[in-house]
Amino acid sequence: MWFFRSPDVIFGADSLSYLNNIDAKRIVIVSDKNIQHAGLIEKVIKNLPDNVEVHTIDDIPVEPDFDDITQHMDGIRSFGPDYFIGVGGGSCMDSAKILFALYERPDISVYDITPIVKLGLRKKSHLIEIPTTSGTGSECSWAAVVSGKNEKRKNELASPEILADYAILDPEMVLSLPLNQTISTAVDAMTHAIESYVSSWSNPYSEALAEKGLFMVSHSIMDVLKKPGSLELRNNVHIGASMAGLSFSNSQIGLAHALGHSLGAVFKMAHGTAVGIFLPHVVSYNSLEVDGKYSILNNLFPEDIKGKNLHDTLIKMFKVINQPLKISDLNITRKSFDDNLNTLIELAEDSTGITMNPVEAGREEIKELFVKSFGD
Amino acid sequence: MAIFPSPEWADEYVKKLNSNESYKDSGKTWEDTLTFVIEPDEKYNKTWYLYLDLAHGECRDYKYSDKEDGVPKATFIYKGKYSNWVKLINKEIDPIQGIMTGKFKLEGQMMKIMRYTKAAKDMVNTASMVDTQFEA
């Protein structure tokens, strides 16, 4: 027995106008300053029904800790929303999930947000997620990543009940996404698809979404970088990334995410860049066990980028789109890397991504992958 | 071959757990007590408790009983019906999926145990290493 879970997904041009149909009176928007400055919150508000009251939180930092999020609870409780709308990248959407859960259940701690606790949410409100990047998959996932106060660890909260009611994928919301973020989030999306496809929890639903998601992202991302203003190309990557998000949300992430979360926690960097560094190495590491599945995925890449195996294809593609291939490409010195290696290994060992990877990885294997990924 | 559940099975399980290098590694920062509860169903008509005192990748003490008060109170309790334990030991389901599908229940501080999913998996893998005989 297993499940397939998904929000209602509204996608394509003008999908933001769906907001006009929601039966809401008081809405909390959870976002950040950059999204505010880009005019994207205004775009959302313009599409809401008339006469709704809006309480906007626009100070979610890039990597929020628990306090950055929970400091808003008093204001939210006195406002009394019937909808939460997360607008932004993974941090904003994940923060919206956590605020929604804590508003619904003031008696719980964030640490109760796990797949094995029945929370009983949706007594007072609902959740909508609107991504402004194409890659995190947070709009379709029941996970939320948040840093602990004063600790490097990234906590991976997860509960099927924090899955959004609606995910709205409007390509207009990613048209102005800077190219560096377009690259790192697309790499994150491809990593979601590849890792979920071989996860020990993979299933026919997650596999189908991984295949189509990987196809859509890999066939459009290089063209998006040439024509970032193309709504059609942006739409392809946006939908593909969301499919990859649905895929991993219904199976699991793997070792590249475990290592990437760890690297990102110690040396601050874009999440997609971090997981992408490890992906080709993890593909090689897993190959003996899941080579057949990797061959299927390799055949989904565009012909002109396809190598003799998935590892080679990824290296080729990453070179073309300027995704760094080694940790040493990220201005991290050998000394700094060596000084932090034990912490990196320990953080990776604690990640749930280790558990569902198709090949077991203990301390020595994790260390070897980190060292290989550092490069020269 | 040890019958599951039985004192002989518990002895063999703990012996294998303490010699499992993978568990030694994944459980090295984990210090807790955990009781496995095997609940009755159509194949097994008793309730059986296996209490494990886990510290730094080792089981430093264990107790078993067919009465709840026959073992110390543990910080975590993992319980399910006998036939689901058989599936778990045969690796037909994994320990977290077992909870999510309602076949097992876990009591204790959930977020803490989510950090030790690899250790939990190693504990289950260890159970499948015991030469086990199940009820017919």
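The values are calculated or read from the model by the stated rules, or taken from the named source; none is laboratory data. Quick caveat, the model's predicted, so the values are computed rather than measured. All Cβ positions, even for glycine, are placed from backbone atoms using ideal geometry, and neighbour counts span all protein chains on display.
The set of residues from region A:295-331 being over 30 Å from B:A119 (Cβ atoms) and β-branched (V, I, T) comprises A:I296, A:I305, A:T313, A:I315, A:V320, A:I321. What is the residue count in region A:300-346 for residues that are within 14 Å of chain B (Cβ to nearest Cβ) and under 22 Å from A:S284 (Cβ atoms)? Looking only at that region, the number is 1.
The set of residues in region B:53-103 that are touching an Asp or Glu at 6+ places or on another chain (Cβ under 9 Å), farther than 20 Å from B:D41 by Cα and charged (D, E, K, R) comprises B:D53, B:R60, B:D61, B:K63. Against the test of being of a type outside the set (D, E, K, R), without any contact (Cβ under 8 Å) to a residue 60 or more places away in the chain and surrounded by 14 or more Cβ atoms within 10 Å (Cβ to Cβ), the options A:T313, A:T343, A:T352 yield a single qualifying residue, A:T313.
Counting only helices (runs of 4 or more DSSP H) that sit wholly inside region A:288-376, those with at least 2 residues that are under 21 Å from the mean Cα position of the chain (by Cα) and not acidic (D, E) are A:310-321, A:334-349. If you scan region A:246-279, which residues turn out to be surrounded by fewer than 24 Cβ atoms within 10 Å (Cβ to Cβ) and modelled with pLDDT of 95 or more? Residue satisfying the conditions is A:T273 alone. Criterion first (more than 12 Å from chain B (Cβ to nearest Cβ) and over 25 Å from B:M123 (Cβ atoms)) does A:L369 satisfy it? No.
The helices (runs of 4 or more DSSP H) located wholly in region B:5-96 that include 3 or more residues which are out of contact with any Lys or Arg (no Cβ under 6 Å at 6 or more places or on another chain) and free of Cβ contacts under 8 Å to residues at least 24 places away in the same chain occupy B:7-18.
Screening region A:88-129 for residues that are within 14 Å of another protein chain (Cβ to nearest Cβ) and either closer than 27 Å to A:M269 by Cα or of a type in the set (D, E) (or both) and picking the one that is surrounded by the fewest Cβ atoms within 10 Å (Cβ to Cβ) gives A:Y111.
Screening the candidates A:L310, A:L347, A:L314, A:L325 for the property of being modelled with pLDDT under 95, assigned by TED's automatic domain parsing to the domain that holds A:V290 and among the aliphatic types (A, V, I, L, M) yields one hit, A:L347. Close Cβ contacts (under 6 Å, 6 or more residues apart or on different chains) running from residues in region B:97-119 that are among the basic types (K, R) to residues that are outside any helix (DSSP H, G or I) comprise B:K103/B:G80; B:K105/B:K79; B:R115/A:D350; B:K118/A:T355.
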